[in-house]
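Read the structure below first, then the notes.
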């Protein structure tokens, strides 16, 4: 401790005056005022995003704010992201006890379309009532429903890449008698093309049924209006098309996951209640806990315990994450003592990043304290803030609800003590030039945490880039990292052995993982009671890799690169991302289940329904082919971490339907 203190003193002398000095000026004062309001004011427990929306409702100042030509592209972006329409917004509320008895109280605030799961309650709330909701003494957090799907640039070629076409022919399997549930944004909302490409094909749900691209889907819940008509992409329908190609006789069901985390958990349960034997999703809410199982992960584990085989898209964030032990810095930001990204001998309290033109990027910052939303009564002891500064150590101007001024931030200044160790902040650059910003992690109150971690997500054409202290850490967090889920990574169908990999040949045998496919390795540090494990739980995620980039009739965009897939001459859009890979694996699991039902006629090993998911997961992993490289659509293959056997980039490897079904048939495993 004495040596550490001496190192801090020595480091303090090495810090430049510009960095060591407290930021000052009108912007700093505005951020400090916003923080004070976030901790004790009328919008406490709302966080900065909902607070900005609430304040815009209460005043007309944002409507008269000056706008540049570039900035007009961002007008209304926050409202669209939050599904804020007609004076209402979707919110997810965590309470300090069971939510079942609190429904009437929150409906009295005007909350509509209420969903309840455990201690979570959600619905569409009047924006004007947000402060009243936040002041309710049973409230732990009130959060906006910000999610990302796992789609990238987009009969499916993935069918051949994972050899399910051969399985149907050799074993006469079609998924008959198997029910598959899908959770995504929507299934029957989109009526116009998603791209401006005049040659790209586009169909509606009704046309898919008429053309045979889908059989009738049992829709338990569609994305509600006005979100459906204003923003539904029907990514769920694209997922259903991929499943239908592989398991054409399976019964298909859908429940939207595009409402909020609580309703997501409800949807998982309702699909299981409706008889789904396999469920697959492709959505992540940015504020799902990293180091503890949150409400969605808990729902996944609950249905897996009932015998449901659950697949989830691992994510498209590659290794866009910083993670390190928290080290106190010798200097302070405007809100607290800064984290030291450097060393004690060479401290650096700011992390330099570049923000591309027209970027709108979110950082989810979390630290190793229990989350009260996951374990009521045991919340974070530490209160940490995430602030973006310019290169002169002045904070970036806060955004209004229209994301103005052109360069602005949504600060991470939520109330964390007794609540969740989570800050979700955003940086917006609506200009035509790249900008440099600094990330600052500041301890406002409470004991320093042991570890801090942030993952970033890009919501527009511009990207966020870390320029220093890059740790390339894990990004597959939240419910894809649940014990009951199999997280699925992606490999482009044309970068597989089955298609001969026209780009890279033998370098992609058996496959090259997509460069963007998220890496696993996020440790679970707390149990559901909020107690720290003696030893961190490290789950092997992703477990498998499946093909992406195959054709659909409408989603998302055509691949026109002449080097891709031998030229991709057809007019059909290609569906990229782990969103496309997860349903390929789920459809293969349907064929495995169908074979297991046939095996009931024999005398092999009989499993209880509750043990079926583990058998399917184990078989897919055991028969997968080891992947040793990553590659992108324009990148040459490069080696991935720990290429022999399991690795956190591609799991146990590329799934192989023929090998998996051979194991199921030879072992005569059946379901009791």
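Coordinate-derived values only; no laboratory data. Bear in mind that the values here come from a model prediction, so they are computed numbers and not experimental data. So basically every Cβ, Gly included, is an ideal-geometry build from the backbone, and we count neighbours across all protein chains shown.
A few comments on the model shown:
- DSSP bridge pairs, the chain: antiparallel proportion in percent, nearest 5: 70 percent
- Shape of region 431-545, Cα gyration tensor, a/c cut at 1.5: oblate
- Per-peptide packing, taken as the mean over residues of other Cβ atoms within 10 Å, places 406-417, 88-99, 206-217 in the sequence 406-417, 88-99, 206-217 from highest down.
- Peptides ranked, highest mean first, by Cβ atoms within 10 Å: ranges 167-179, 379-391: 379-391, 167-179
- Based on the Stokes-Einstein relation at 20 °C and a viscosity of 1.002 mPa s, and on the Kirkwood radius from alpha carbon pairs, region 481-553 is assigned a translational diffusion coefficient of 149 µm²/s.
- Principal axis extents of the Cα atoms in region 153-296, from largest to smallest and rounded to whole angstrom, are 43, 38, 27.
- Taking a ≥ b ≥ c as the square roots of the eigenvalues of the Cα gyration tensor, region 106-146 is classed as rounded, since a/c falls below 1.5.
- The mean of 1/r over all pairs of different alpha-carbon atoms in region 335-415, once inverted, gives a Kirkwood hydrodynamic radius of 15.1 Å.
- Relative intensity, log₁₀ I(q)/I(0), of the chain from a Debye sum that treats every alpha carbon as a point, q = 0.06, 0.07, 0.08 Å⁻¹: -0.32, -0.44, -0.58
- Intensity falloff of region 501-652 expressed as log10 I(q)/I(0), Debye formula with alpha-carbon point scatterers, at q = 0.10, 0.18 Å⁻¹: -0.49, -1.15
- For region 284-355, the percent of C-alpha pairs falling in each 5 Å distance bin, counted from 0 to the bin holding the largest distance, reads 3, 11, 14, 15, 14, 12, 11, 8, 6, 4, 1.
- Derived from the Cα gyration tensor, the three semi-axes of the equivalent ellipsoid of region 120-235 are 38, 20, 14 Å, largest first.
- Averaging 1/r over each pair of different alpha-carbon atoms in region 266-398 and inverting the result gives 18.3 Å, the Kirkwood hydrodynamic radius.
- Both numbers refer to the Cα atoms of region 363-462; Rg and Dmax are 14.7, 47 Å.
- For the peptides 551-559, 428-436, the ranking by packing is 551-559, 428-436, with the highest mean count of neighbouring Cβ atoms within 10 Å listed first.
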